[in-house]
Amino acid sequence: MAAGIYTIVCEKRASFRLDITHTNNDGTPIHLGGFHAQMDVRRSRTTNSKLITSLSTDNGRIQIPAPETGEILLAMAPEDTAELPPGDYFYDVVIYRTTTHPDGSTGKEVVRLLEGNFVIRQGVTDV
């Protein structure tokens, strides 16, 4: 299945949070046990373009709080969003896990869940 398309708006110096639920076509949640997640925000749609920020299960900015519900939580604290340069960028969210093939070799299962524009807005009020 192709990745969904969604524009994300992130405001500088504000808390950022986005909940995603990964489901089957019939709406039932997909179990995310063993999966990791990553989201890169870049200047253009290429992997070698300037990285603006990265969220992942490794750096704690993405959580999979209850794998059986298919929920993925993306979050950044205000001090993290304060460091982001205002502008229009691109992102995608992928989940991945290591798999073992019948012959004993290992590989990765990778699913692109979401992609689109990532807009960082400059705020006026500084708290």
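Over 17 Å from the mean Cα position of the chain (by Cα), on the phi < 0 side of the Ramachandran plot and not polar (S, T, N, Q): does that describe residue 109? The answer is no for residue 109. A single entry from 103, 26, 92 fulfils the requirement of being open to solvent by 40 Å² or more (accessible area, probe 1.4 Å), touching a residue at least 24 places away in the same chain (Cβ under 8 Å) and either outside any loop (DSSP other than H, G, I, E, B) or not polar (S, T, N, Q) (or both): 92.
Residues in the stretch 106-127 that are aliphatic (A, V, I, L, M), surrounded by 14 or more Cβ atoms within 10 Å (Cβ to Cβ) and in a loop (DSSP other than H, G, I, E, B): there are none.
If you go through the stretch 7-23 and pick out every residue that is open to solvent by 70 Å² or more (accessible area, probe 1.4 Å) and within 13 Å of the chain's Cα centre (by Cα), you end up with 4. Only a single criterion out of (1) over 19 Å from residue 120 (Cα atoms); (2) in a loop (DSSP other than H, G, I, E, B); (3) open to solvent by 30 Å² or more (accessible area, probe 1.4 Å); (4) without any contact (Cβ under 8 Å) to a residue 60 or more places away in the chain is not satisfied by residue 34, namely (4). Within the stretch 42-51, can one find any residue that is surrounded by 13 or more Cβ atoms within 10 Å (Cβ to Cβ) and among the aliphatic types (A, V, I, L, M)? No; the residues of the stretch 42-51 include none that is surrounded by 13 or more Cβ atoms within 10 Å (Cβ to Cβ) and among the aliphatic types (A, V, I, L, M).
Residues that are in contact with a His (Cβ under 9 Å, 6 or more places away or on another chain), of a type outside the set (D, E, K, R) and either farther than 17 Å from residue 47 by Cβ or at pLDDT below 95 (or both): does the stretch 77-93 have at least one? Looking through the stretch 77-93, none of the residues is in contact with a His (Cβ under 9 Å, 6 or more places away or on another chain), of a type outside the set (D, E, K, R) and either farther than 17 Å from residue 47 by Cβ or at pLDDT below 95 (or both).
Conditions tested, residue by residue: (1) open to solvent by less than 50 Å² (accessible area, probe 1.4 Å); (2) under 22 Å from residue 119 (Cα atoms); (3) at pLDDT below 95.
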| position | (1), (2), (3) |
| --- | --- |
| 5 | no, yes, no |
| 39 | yes, yes, no |
| 55 | yes, yes, no |
| 70 | yes, no, no |
| 74 | yes, yes, no |
| 96 | yes, no, no |
| 99 | yes, no, yes |
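State which residue pairs qualify: first residue in a strand (DSSP E or B) and inside the stretch 1-18, second residue modelled with pLDDT under 95 and open to solvent by less than 90 Å² (accessible area, probe 1.4 Å) in any location, beta carbons under 6 Å apart, and separation of 6 or more residues or different chains. Going by the 6 Å Cβ cut-off, the qualifying pairs are 11/123. Every residue in the stretch 76-87 that is assigned to a loop (DSSP other than H, G, I, E, B) and open to solvent by 20 Å² or more (accessible area, probe 1.4 Å), please. 77, 82, 83, 85, 86, listed by residue number.
The values are calculated or read from the model by the stated rules, or taken from the named source; none is laboratory data. All of these numbers come straight from a predicted model, not from anything done at the bench. All Cβ positions, even for glycine, are placed from backbone atoms using ideal geometry, and neighbour counts span all protein chains on display. Quick note on the areas: whole protein, heavy atoms, side chains included, nothing else; ligands and nucleic acids left out. Shrake-Rupley method; radii C 1.70, N 1.55, O 1.52, S 1.80 Å.
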